[in-house]
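Report on the structure given below.
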Amino acid sequence: LTAARSTALFIAEIIITLFIAFVIVYCVGMKVTVVGNSMENTLSDGESVLVNRFTYNLTDPKAGDVIVFRPNGNEESYYYIKRVVAVPGDTVQIRDGVLYVNGEMFDEENTEAIKNAGVAEEEITVGDDEFFVLGDNRNSSEDSRYANIGNIDKENIVGKVWFHIDSIRDMGRVR
């Protein structure tokens, strides 16, 4: 190869590499630190998580997804990390310490009674492009049960948590 072709090929490889790096950083590269114990035992205070910021451009959050959002779009607030329990059109109510979604008992692994039903004491219907979220540690979480948080608008969702990094020995997908 001539020197000019070799140089052009080298520059093209650099451009392709930078493009791939940009796509990866934009889609997956956001790192957020967990604040508080509201997601224990899934995620712990101070733990870092990677957030897929792209996935909700293609699909909507589903019940069970762990999401990152800013409450009410408040740019001054830290990122909240919670689990989606109800999607648009679902009804939510907490009765006698138990979460009901669409009239059926929801809590899959959380066996501890929910002490504060908050606004979910009365049945709530989740609106279009809204999501009802709770922390996994139900009794130590500021979430959709509280009027200052409420249902989460899709436009305020930053992305889906997909990977946690606590240490080299303790890292993996978030379920």
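The values are calculated or read from the model by the stated rules, or taken from the named source; none is laboratory data. Please read these numbers as outputs of a predicted model, since none were measured by experiment. Every residue, glycine among them, receives a Cβ derived from its backbone with ideal geometry; neighbour counts consider all protein chains shown. Heads up: the accessible areas ignore ligands, DNA and RNA and are worked out on the full protein's heavy atoms, side chains in. Shrake-Rupley method; radii C 1.70, N 1.55, O 1.52, S 1.80 Å.
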Pop out the Kirkwood hydrodynamic radius of segment 43-175 from its pairwise C-alpha distances, inverse of mean 1/r, in Å to one decimal. 15.2
Surface accessible to a 1.4 Å probe, per residue, for the residues of segment 1-75, Å²: 63
Under 17 Å between alpha carbons - lysine pairs in the chain that sit 8 or more apart or on different chains: 7
Can you give the FRET efficiency for SER44 and PHE10, using 1/(1 + (r/R0)^6), R0 = 35 Å, r = Cβ-Cβ distance, to the nearest 0.05? 0.20
Based only on Cα atoms, what Rg/Rh ratio does segment 2-71 have, Rh being taken as Kirkwood's radius? 1.25
Would you calculate, for the chain, the mean residue ellipticity at 222 nm contributed by helices, counting each DSSP H stretch of 4 or more residues as -39,500 (n - 2.57) and dividing by all residues, to the nearest 500? -5500 deg cm²/dmol
With each pseudo-label sitting 7 Å past Cα toward Cβ, what's the LYS154-ALA113 distance in nm, one decimal? 3.8
